[in-house]
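First up is the structure itself, then whatever we jot down about it.
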Amino acid sequence: MKKALYISAIAFMLAGGMLSSCSDFLEADNKTTGNKEADDALTATDVLYSAYNSLYSVTTEVALNEEGTDLYIPVRGRTASAFDQYTLNAENADVYSYWKNLYTMVNFANGVLYYNTESSSGYNAKYSAEAKFIRCYGFYLLTQQFGSVPYVTEYVDEAKPGYPRVDVSTIYDGCIAELTEVYNSNVLATVATRGANVASPTNEAVALLISKFYLAKGWDVDVTATGKDVAPISGNENFTNAAEWAEKAINSKELSLTFAEKWSPFKDNNVESFWAIQPDRTNSVGAHSLQNDYGNYYGECTATGYKNVGSTHAQSQKSLYLFAKGDERYEATFATTILNKGNDGWGVTGYYAMYNNKNWKKVGYRYFPYYVTEAEAEATFDADLYSSSAADGNNENVQAFILGNPQGGAACTAYTFDANGAVSTKTSGKSYSDLNIQVAGGVCVKKFDDAASSMVTRNDCYRAINIFDLSDAYLTAAEAYYMAGEEAEALAKVNAVRERAYGSQDGNLADFSEASYKSFYIYDAPEGGFKAIDIILDERARELYAERTRWIDLRRTKQLARYNAAYNPNLVSTVKTLRPIPANEISANSSISDQNAGY
């Protein structure tokens with residue numbers, strides 16, 4: 001059953017962005033309607049397609065969702081961003097763009113409901129259910145980033161008086177009620193295909209979004225402690241409801257794929273997916289840059305044959321030690337072998353040969369995790385695979401690295417190889433900082449690799465953009481169970497995810513104690529030592545690495561300041577737990593006069 005939301009070729013109908021001035025929504029270039037007059041041309045179908053299209057810019061936003069956390073750093077001399085440093089201000093263009101894009105999406109959803117009424121000709125109950133879901137998803141993201149925001153549930157087709165901010169509890173309750181109605185109506189129990197390319201979210205996606213709203217409400221309304229002092233609230237209704245809805249999303253399904261299978265470029269929109277966006281390569285619509293957004297720089301891609309990555313959102317030092325020996329997710333998340341180029345062209349040699357040409361095994365760069373010894377690494381060096389003869393079209397600067405073990409002083413080892421593939425130099429005692437300042441100093445994320453990519457430009461990735469899936473539901477349930485005081489159920493969900501990662505029960509945690517956790521992991525805990533909430537957050541980090549969830553995860557669980565203090569080397573200012581309301585919005589919206597704290 002198709003579960004992807006395919007991006008259609010319709011032009012984006014971007015609203016003005018500020019809620020006080022959305023009249024140009026109906027004046028935008030709309031190829032589907034032939035640019036006819038608004039009310040004469042627009043239908044619920046037109047606006048629904050635009051609502052789906054608007055998801056693209058929202059779901060590929062990396063800076064707001066990853067920077068300023070424990071998992072990602074800029075490398076090779078890249079300047080840390082205002083998000084990394086927490087020097088953000090209300091004039092920030094990325095923040096304003098995100099705000100504008102989310103309200104554009106909300107207004108498209110409202111437009112569907114405006115045109116698709118029960119009294120209208122051709123009323124479609126699925127359209128309304130999908131629109132309510134998309135609208136609520138928009139408000140979920142808005143509240144998690146900005147807190148109290150305008151709660152606009154009417155279609156804005158002309159300039160109107162300003163819209164005031166509404167407290168998050170009211171928004172949570174409104175969306176929970178609306179989504180529960182959608183779920184109970186069962187109209188999304190079967191996936192609806194829109195034309196050839198668009199499909200609706202699943203009922204499991206609806207249940208998971210309800211769970212996330214209850215979880216957010218529990219944290220924002222009921223939890224007053226922060227940092228290391230966070231503790232369960234036994235019997236808490238919001239957390240209990242979050243767990244129940246997460247179980248409805250799981251719907252007794254097991255994590256049946258290996259982690260590598262789940263993220264194979266040939267298995268997009270697999271059985272574990274609840275909701276995803278699938279760009280359309282055939283019509284050159286929706287290409288994005290997620291495969292290029294996480295990792296080190298390997299030289300000019302068209303010359304080296306390596307992937308085009310720009311030294312942004314590379315592994316932080318914590319991330320390097322987040323994965324223990326035996327955890328399949330490390331090799332499935334990161335490209336630890338970067339293949340050399342040859343004379344036969346892009347895709348069959350170089351980086352993408354790992355997917356397209358299993359016979360090509362020439363190494364350009366090799367990265368060993370910290371738990372591999374020098375002897376173990378050196379035993380794998382094959383002169384034929386590490387050779388770099390220019391006559392064969394190879395890059396000549398072949399290198400290998402072993403990450404240092406923090407318990408051994410965190411020193412790294414670097415190797416270079418001659419043209420015949422023999423080790424020419426071995427340098428021990430290199431620091432992680434030494435690697436950060438050089439080209440090809442570390443791994444890149446391969447979750448979003450597009451095996452058919454030409455990689456001439458950054459936006460040449462047509463992989464599905466995953467939004468909700470089964471493992472997210474498992475870990476959402478784990479967090480909700482723990483905060484509701486049901487530790488055994490929480491541990492069972494965490495261990496189910498870990499069993500898949502290890503292929504057995506070898507990775508199971510005995511409990512949520514620091515002693516049990518430290519038997520696997522060697523990096524330093526944040527202030528106060530490892531707590532159960534840290535263990536659940538770390539599992540989310542391993543399972544959902546680079547899936548643009550981290551900042552919201554840390555904000556929601558009130559760990560943002562604690563984690564930045566422990567793991568963010570670029571922090572220079574006070575950590576703010578909400579984004580600023582954009583200055584443009586405050587100046588144009590007469591009903592917003594207050595700004596979030598710290599701005």
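The values are calculated or read from the model by the stated rules, or taken from the named source; none is laboratory data. Please read these numbers as outputs of a predicted model, since none were measured by experiment. Glycine also receives a Cβ, built like all others from the backbone with ideal geometry; neighbour counts cover every protein chain displayed. For accessibility, only protein heavy atoms count, side chains too; no ligands or nucleic acids. Shrake-Rupley method; radii C 1.70, N 1.55, O 1.52, S 1.80 Å.
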- Out of region 456-489, which residues are aliphatic (A, V, I, L, M) and open to solvent by 20 Å² or more (accessible area, probe 1.4 Å)? Val456, Ile467, Ala488
- Item | Every pair of residues 6+ apart whose Cβ atoms lie under 8 Å, when the first sits in region 117-137 and is within 16 Å of Asn53 (Cα to Cα) while the second is part of a loop (DSSP other than H, G, I, E, B) and among the hydrophobic types (A, V, I, L, M, F, W, C) | Glu130/Leu188; Glu130/Ala192; Phe133/Leu188
- Check every one of the helices (runs of 4 or more DSSP H) wholly within region 283-371 and list those with 2 or more residues that are open to solvent by 50 Å² or more (accessible area, probe 1.4 Å). 301-304, 328-333
- Message: Tell me yes or no: at least one residue of region 90-111 is in contact (Cβ under 8 Å) with a residue 60 or more places away in the chain, assigned to a loop (DSSP other than H, G, I, E, B) and farther than 27 Å from Trp551 by Cα.
- Response: no
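Would you call Gly404 part of a loop (DSSP other than H, G, I, E, B), open to solvent by less than 50 Å² (accessible area, probe 1.4 Å) and without any contact (Cβ under 8 Å) to a residue 40 or more places away in the chain?
It is true that Gly404 is part of a loop (DSSP other than H, G, I, E, B), open to solvent by less than 50 Å² (accessible area, probe 1.4 Å) and without any contact (Cβ under 8 Å) to a residue 40 or more places away in the chain.
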- Item | Conditions (1) surrounded by fewer than 18 Cβ atoms within 10 Å (Cβ to Cβ); (2) of a type in the set (A, V, I, L, M); (3) modelled with pLDDT of 95 or more: number failed by Ala129 | (1)
- Message: Name the single residue that is surrounded by the fewest Cβ atoms within 10 Å (Cβ to Cβ) among those in region 407-434 being among the hydroxyl-bearing types (Ser, Thr, Tyr) and free of Cβ contacts under 8 Å to residues at least 12 places away in the same chain.
- Response: Thr425
- Count of residues meeting criterion [assigned to a helix (DSSP H, G or I) and open to solvent by 10 Å² or more (accessible area, probe 1.4 Å)] in region 112-126: 5
- Can you find a residue in region 235-245 that is in contact with a helix residue (DSSP H, G or I) (Cβ under 7 Å, 6 or more places away or on another chain) and open to solvent by 50 Å² or more (accessible area, probe 1.4 Å)? no
- Give region 223-234 a look and list any residue that's outside any loop (DSSP other than H, G, I, E, B) and touching a helix residue (DSSP H, G or I) at 6+ places or on another chain (Cβ under 6 Å), or say none. Gly227
- Query: Do any residues in region 49-66 that are farther than 11 Å from Gly286 by Cβ have Cβ atoms under 6 Å from those of residues that are part of a loop (DSSP other than H, G, I, E, B), where the two are at least six apart or on different chains, and which pairs are they?
  - Reply: Tyr49/Ser8; Tyr49/Ile10; Ser50/Met13; Val62/Asp293; Asn65/Arg548; Glu66/His313
